[in-house]
Amino acid sequence: MATSGTYVTEVPLKGAAEKHYKKWKSENHIFPDAIGHHIKKVTVHEGESDSHGSIRSWNYTWDGKEEVFKEKREIDDENLTLILRGLEGHVMEQLKVFDVIYQFIPKTEDTSACKITIIWEKRKDEFPEPSTYMKFNKSLIVDMGHHASKA
């Protein structure tokens with residue numbers, strides 16, 4: 001059995017959790033304009049942009065490289081949680097499992113946090129752990145949080 005693991009971190013945010021959750025759930029089309037240094041394009045292949053089970057591709061730049069991530073989305077409105085289950089793309093070349101979970105958590109009236117959980121399993125033990133993808137996801141949340149706080 002190949003190596004697997006889970007990474008968890010929490011990112012503090014200004015503004016209501018619901019506001020941040022809405023951007024991540026329903027407004028992915030603004031990401032290339034809002035954080036174009038990371039996200040180049042978001043394409044919905046199946047379903048509506050904010051629907052449970054929709055499939056989309058993210059074209060992004062990380063660590064100086066252009067990459068693609070195709071995912072199937074699970075939505076939990078009650079818990080302000082999105083799960084992106086990896087289907088295809090650069091990260092999936094080395095991983096069998098790559099799930100990114102964003103849970104937006106209210107803290108005070110005008111602050112919140114995003115708990116990011118990444119669940120992964122390598123295809124082969126000699127492949128590196130995907131720790132850089134946690135850094136990337138954290139930077140996405142931080143940068144999109146700055147954008148949302150200005151809106």
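The values are calculated or read from the model by the stated rules, or taken from the named source; none is laboratory data. Not measured: the values here are computed from a predicted model. Cβ atoms come from the backbone with ideal geometry, glycine included; neighbour counts cover every protein chain shown. Areas reflect the complete protein model, heavy atoms only, side chains present, ligands, DNA and RNA absent. Shrake-Rupley method; radii C 1.70, N 1.55, O 1.52, S 1.80 Å.
General remarks:
- The chain: most fluctuating residue of 129, 109, 121 per GNM, C-alpha cutoff 10 Å: 109
- Rounded to the nearest 20 debye, the dipole magnitude of region 34-151 is 320 debye, with +1 charges on Lys and Arg beta carbons, -1 on Asp and Glu beta carbons, and the Cα centre as origin.
- Unit charges on C-beta of K, R, D, E only; dipole of region 66-110, Debye: 220
- Relative to the longest principal axis of the Cα atoms of the chain, helix 131-150 runs at roughly 20 degrees.
- Probe 1.4 Å, protein heavy atoms only - accessible area per residue of the chain in square angstrom: 52
- In the list (i) 16.7, 54; (ii) 14.9, 47; (iii) 17.3, 68, the label attached to Rg and Dmax of the Cα atoms in Å as derived from the coordinates here is (ii).
- Those trypsin sites (Lys or Arg not before Pro) in region 54-151 that DSSP places in a loop and that have at most 12 other beta carbons within 10 Å: 124
- For region 20-90, GluC sites (Glu not before Pro) are listed when DSSP marks them as loop and at most 11 other Cβ atoms sit within 10 Å of their Cβ; the list is 48, 78.
- Accessible surface for residue 140 stands near 10 Å², nearest 10, in the context of the full protein assembly shown (1.4 Å probe).
- Value at 222 nm in deg cm²/dmol, rounded to 500, when DSSP H runs of n ≥ 4 in the chain each add -39,500 (n - 2.57): -7000 deg cm²/dmol
- Structure note, pairs 70/107; 14/115; 65/150: Cα-Cα distances above 24 angstrom occur for 70/107; 65/150.
- In the chain, the longest principal axis of the Cα atoms and the axis of helix 17-26 are about 60 degrees apart.
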